[in-house]
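Structure record follows, encoded as C-alpha cells.
The values are calculated or read from the model by the stated rules, or taken from the named source; none is laboratory data. On a predicted model such as this, the values are computed, not experimentally measured, just so you know. So basically every Cβ, Gly included, is an ideal-geometry build from the backbone, and we count neighbours across all protein chains shown. Each accessible area value is taken on the protein alone, full model and side chains, heavy atoms only, with ligands, DNA and RNA left out. Shrake-Rupley method; radii C 1.70, N 1.55, O 1.52, S 1.80 Å.
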Amino acid sequence: PGRVISKLLCSGEKEVDLAVQSAKAAFKIWSQMSGMERSRVLLEAARIIREQREEIATLETINNGKSIFEARVDIDISWQCLEYYAGLAGSLAGEHIQLPGGSFGYTRREPLGVCVGIGAWNYPFQIACWKSAPALACGNAMVFKPSPFTPVSVVRLAEIFTEAGVPKGLFNVVQGGVATGQFLCHHPDVAKISFTGSVPTGVKIMEMAAKGIKPVTLELGGKSPLIIFSDCALENAVNGALMANFLTQGEVCCNGTRVFVERKILDVFTKEVVKRTQKIKVGDPLLEDTRMGPLINRPHLDRVQGFIKQAKEQGAEVLCGGDLYVPDDPKLKNGYYMRPCVLGNCRDDMTCVKEEIFGPVMSILPFDTEEEVVERANNTKFGLAGGVFTRDIQKAHRVVAALKAGMCFINNYNISPVELPFGGYKASGFGRENGRAAIEYYSQLKTVCVEMGDVESVF
C-alpha cells in the first residue's frame, strides 16, 4: 500500500482509434458466428477464470486493495456471469408474426457493433465481465477502459478471452483517464457506451454520447436506505447492515449507508453494530483473516475523512472508528487505512446522510412508523438500492414496492446474482446489467415485413 506497482501509458487518440478499428474487424467475424459457437468460447473463458481463480483474485487484491476473501467472491461472480451469458447466447432469437393473406413479418435480434465499456475501480475485473459477457454473447465487440486507479486485472481478462478463442481484437483494453474516455465516447465507429462510476462523470458521458446519438447504459452512485424494523431477526439485521456498509472498504455504489432503525430497537441494534464493527480486522488484504484492506488512494481517504469531520461538526456522534489506522507491519505504514466508522445521532439533513461518501461510514437514523420511513428513504436524488429487514413478509413486500430503487433486498443485502438485473432509478442511472434484461441493452431489433401477394397500390 502506498507504493507504485506498475506504470501504464495512457492511450491517446491514435491508440483508441487502433483499438476500435481492431475491434471492428473482429466484430465482422464474431457477429457472423452462431450463438452456439459464441457460447462455447464464453464457456471456455469462464473455465479458465475458474481454474485461475486464486491467481486472478490475488491480482485483484493488489490492484484494488480489497481483502483476498472478497476478491475470490468477485472472481466467482465473474466466471458465473460468463457462464450465464454463454447459456443465453444460443437462445437469442427474434419472432415470426403471421399477417393477412399468407404474408408475414419477422424480427431479428442483431448486435450493435463495437461497444465501449468504462469501468470503476471498486470491482475492476467483475465489472469488465458484467459488461463484456452480455456484449459478446449478443455478437458485439468491446473496447474496455478500466479506471486509471485499477488498470491491471482487466488486461488479464483480455488475455483470457484470446486464449478462449475470440477473434483477435474482439475485446480490447485501452488505458487512461478523462481524455481517453472522451476519445472513446466521440469515436464515430463506437455504437454504444456502458459506464459504471460517479454521477458527474455519467452526465458528461451522456452529453458526449448525445452528439453521436449513441445509446448509453449508466450505473452510477447511490445513497441507499436500509430499513430495520423492530420485528426483524436482530442478528440477521446486524449482519445485513455490516454487509451493506463495509464490503470493499465501503467503496460500493449500492451500499445501504442510511440505516433507518425502528426506535424500539435503536439502542440494542446500535450497540450490537458498534460491537461487531470494532471487531472487523483491518490490515494486509492478502492475509486470510483480513476483512478490510486500504482505501483506493490518498485523495479518496482524505475525502472520506472530510465527511466524518463534517458529520461531527453537524452534530453526528462517532460511535466507533473513523480514525486513520496504521498497521503494525512496517511494510504497510504508508497504506491508506482507516477504521470502519459508525455515526449515531444522525439527521436526514446532514451531509453524511445526503451525499455518497463511498467509504466505510454507516449513518444510523431512528424512525417511528412505516409510512414515515418510506417517505424519508425515498427523499434522495439517488435510487440504486434499498433493503428491508422484517419477519413480516407482507410488510417487506409492501415496503420494497414503495421504494424508488432498482435493486431491493429483503432480509439480506449486497448479493448480486448474475441471473438478476442490476441497475438504478433516478440519478443512479438507467439500463440494466445482468439477467436477461442486459440483452436488450446490447442488441437491436430489425423488423422484416414480407408480402406474399401482389402489392396493393394506392396510386
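Pairs under 8 Å by beta carbon, first residue farther than 18 Å from E356 by Cβ in region 201-226, partner among the basic types (K, R) and outside any helix (DSSP H, G or I), six or more apart or different chains?
Sorted first by the residue in region 201-226, then by its partner, the pairs are K214/K192; P215/K192; V216/K192; T217/K192; T217/R432.
Please pick out the residue among G2, G102, G65 that is small (G, A, S), under 24 Å from the mean Cα position of the chain (by Cα) and farther than 30 Å from E440 by Cβ.
Of the residues listed, the single one that is small (G, A, S), under 24 Å from the mean Cα position of the chain (by Cα) and farther than 30 Å from E440 by Cβ is G65.
What single numbered condition from (1) within 30 Å of T107 (Cβ to Cβ); (2) in contact (Cβ under 8 Å) with a residue 40 or more places away in the chain; (3) of a type in the set (D, E) fails to hold for D454?
For D454, the exception is condition (2).
Go through region 180-230 and give me each residue that's farther than 26 Å from L242 by Cβ, touching an Asp or Glu at 6+ places or on another chain (Cβ under 9 Å) and among the acidic types (D, E).
Selection gives D189 alone.
Please go through region 1-16 and give me each residue that is assigned to a helix (DSSP H, G or I) and either in contact with a strand residue (DSSP E or B) (Cβ under 6 Å, 6 or more places away or on another chain) or open to solvent by less than 60 Å² (accessible area, probe 1.4 Å) (or both), ordered by number.
Matches in region 1-16: V16 only.
Kindly provide the set of residues from region 116-163 that are farther than 29 Å from R298 by Cα, of a type in the set (G, A, S) and crowded, with 24+ Cβ neighbours inside 10 Å, ordered by number.
Across region 116-163, the qualifying residues are S132, A133, A135, A137, A141.
Given I62, I77, which one is under 13 Å from Y123 (Cβ atoms), in contact (Cβ under 8 Å) with a residue 60 or more places away in the chain and open to solvent by 10 Å² or more (accessible area, probe 1.4 Å)?
Result: I77 is the single residue among I62, I77 that is under 13 Å from Y123 (Cβ atoms), in contact (Cβ under 8 Å) with a residue 60 or more places away in the chain and open to solvent by 10 Å² or more (accessible area, probe 1.4 Å).
Need pairs with beta-carbon distance below 9 Å; first residue in contact (Cβ under 8 Å) with a residue 40 or more places away in the chain and not assigned by the TED database to the domain that holds W130 and within region 418-435, second assigned to a loop (DSSP other than H, G, I, E, B) and of a type in the set (D, E); sequence gap 6+ or separate chains.
N434/E419
Within the set of pairs 6 or more residues apart or between chains, which connect a residue that is hydroxyl-bearing (S, T, Y) inside region 353-367 to a residue that is modelled with pLDDT of 95 or more with Cβ atoms less than 7 Å apart?
What qualifies is S363/T257; S363/R258; S363/V259; S363/L343; S363/C346; S363/C352; S363/V353.
State which residue pairs qualify: first residue free of Cβ contacts under 8 Å to residues at least 60 places away in the same chain and inside region 314-326, second residue of a type outside the set (F, W, Y) and open to solvent by 50 Å² or more (accessible area, probe 1.4 Å) in any location, beta carbons under 6 Å apart, and separation of 6 or more residues or different chains.
Cβ pairs passing all conditions: A316/N345; E317/N345; C320/Q278; G321/R339; D323/R339; Y325/R339; V326/K333.
Residues P111, P167: which one is closer than 30 Å to E54 by Cα and in contact with a helix residue (DSSP H, G or I) (Cβ under 9 Å, 6 or more places away or on another chain)?
It is P167.
Conditions tested, residue by residue: (1) exposed (fewer than 15 other Cβ atoms within 10 Å of the Cβ); (2) within 21 Å of A405 (Cβ to Cβ); (3) charged (D, E, K, R).
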site	(1), (2), (3)
F195	no, yes, no
P200	yes, yes, no
V203	yes, yes, no
E207	yes, no, yes
K211	yes, no, yes
F229	no, yes, no
A233	yes, no, no
A237	no, yes, no
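So which residues in region 258-288 are free of Cβ contacts under 8 Å to residues at least 12 places away in the same chain and over 15 Å from F246 (Cβ atoms)?
Hits for region 258-288 are D267, K271.
Suppose we filter S457, S416 for residues that are among the polar types (S, T, N, Q) and loosely packed, with under 12 Cβ neighbours inside 10 Å; which single one remains?
Only one candidate qualifies: S457.
Among the candidates S6, S31, S39, which residue alone is at pLDDT below 95 and either among the hydroxyl-bearing types (S, T, Y) or in the same structural domain as F125 (by the TED database) (or both)?
S6
Consider region 20-76. How many of its residues are farther than 20 Å from C115 by Cβ and aromatic (F, W, Y)?
Of the residues in that region, 1 qualify.
When you scan region 393-404, do you find a residue that is free of Cβ contacts under 8 Å to residues at least 60 places away in the same chain, surrounded by fewer than 19 Cβ atoms within 10 Å (Cβ to Cβ) and on the phi > 0 side of the Ramachandran plot, even just one?
So far as region 393-404 goes, no, none of its residues is free of Cβ contacts under 8 Å to residues at least 60 places away in the same chain, surrounded by fewer than 19 Cβ atoms within 10 Å (Cβ to Cβ) and on the phi > 0 side of the Ramachandran plot.
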